[in-house]
1. Accessible area of Ser320, 1.4 Å probe, to the nearest 10 Å²?
2. State which stretch of the chain is the longest one without any exposed GluC sites (Glu not before Pro), exposure meaning a DSSP loop state and at most 16 other Cβ atoms within 10 Å.
3. Once Rh is set to the Kirkwood radius over Cα pairs, what Stokes-Einstein translational diffusion coefficient, in µm²/s, holds for the stretch 99-240 at a temperature of 25 °C and a viscosity of 0.890 mPa s?
4. With every protein chain kept in the model, how would you rank Lys172, Lys224 by accessible area, 1.4 Å probe, largest at the top?
5. Using a probe of 1.4 angstrom, how much of the accessible area of the stretch 33-149 is carbon and sulfur, in percent?
6. Over the chain, average the accessible area per residue using a 1.4 Å probe and give it in Å², no decimals.
7. Over what distance in Å are the Cα centres of the stretch 165-183 and the stretch 69-117 separated?
8. Can you give the accessible area of His44, probe radius 1.4 Å, in Å² rounded to 10?
Amino acid sequence: MGKRRFWLGVMIFAVVGVWLGNSAFFGPQPSSDPLRLLAHRGVHQTYPRDGLDVDTCTARRIYAPQHSFIENTLPSMQAAFDAGAAVVELDVHLTPDGAFAVFHDWELDCRTDGSGVTRQHSITQLQALDVGYGYSSDGVTYPLRGQGVGMMPTLSDVLAADLPGPVLINVKSRDADEGNALAIRLAERASEGKVFGIYGGHIPTQVALDALPGMRGYSRQTIKDCILRYAALGWSGTVPDACRDGLLAVPIDVAPWLWGWPHRFVARMQNAGTEVILLGPLEDSGFSAGIDTPDLLAQVPIGFSGLVWTNRIEVIGPLSETQ
């Protein structure tokens, strides 16, 4: 009977210790700074996400436009910063002539008046296209057609622009050569602080990060490695090596299951050199959208000191000022 009580006491002590070590009641204080927002694709045309798959042409299903900005263009990036973004996300493809074209899709047919694989075209060919050509909310009218001619920038154009904040670069391929080329391009401007991080295909992302000391990034593989190891060790306050010196994107419906969420978890990661990016809910596709509605914004913990990913910076930016 005495031994049983002893081990019961040990178990209770251990459980209480774990709870105290991860409870929000005794953790770091919430930040008093404004929310930091990450604008996916800048200010852009949004669309319903139901029924999406890898072949869906999202430009053909946009909501009726309420502005004329086109994703991944310099005006859309500037508008995102003006709306309150701390970081703007963009997408790149390495062209045969060694440029990095800033454009989302693997192929040109959906959004532009061109066709074929984006990375198989020279930058001269790409910059002659109309990147607003394919957008339509009704399949009949094309309100942005003609407004995007010559507006596809290169990564060098973006880094040379006088934007008020850094960019997060999405590498669209899975090629190591693209990671090497990106590292060379960014090393030329390494001291300028214009790149927040790199993410995308695991191989090119890791190649680029390995070649750029101090640069942070992530891939689906690094997120998985971090979350699984933290699930096993985080109760003790330990941050595993897989979670250090990087970026960690977490869906808002997964985050509450992480040890110490929200402020203790974010503080642990920041102390380990990692920035936390809060995404929208995990979708059936395995991907997440953004914090794009007032209801989702209200679910962001007050005083959250990570970054909040949004597709609607023009909506969420002004609302976040009262958050």
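The values are calculated or read from the model by the stated rules, or taken from the named source; none is laboratory data. Values in this document were obtained by computation on a predicted structure and should not be read as measured data. Ideal geometry is used to build each Cβ from the backbone, glycine not excepted, and the neighbour counts take in all protein chains shown. Just so you know, the surface numbers come from the protein's heavy atoms only, side chains and all, with ligands and any DNA or RNA stripped out. Shrake-Rupley method; radii C 1.70, N 1.55, O 1.52, S 1.80 Å.
1. Result for Ser320: roughly 10 Å² accessible.
2. Within the chain, the longest run free of exposed GluC sites (Glu not before Pro) spans 1-187.
3. Values: Rh = 17.2 Å.
Result for D is 143 µm²/s.
4. Lys224, Lys172
5. Summing carbon and sulfur atoms, their accessible area is 50 percent of the total for the stretch 33-149.
6. Per-residue value: 48 Å².
7. After rounding, the separation between the Cα centres reads 13 Å.
8. Accessible area, nearest 10 Å²: 10 Å².
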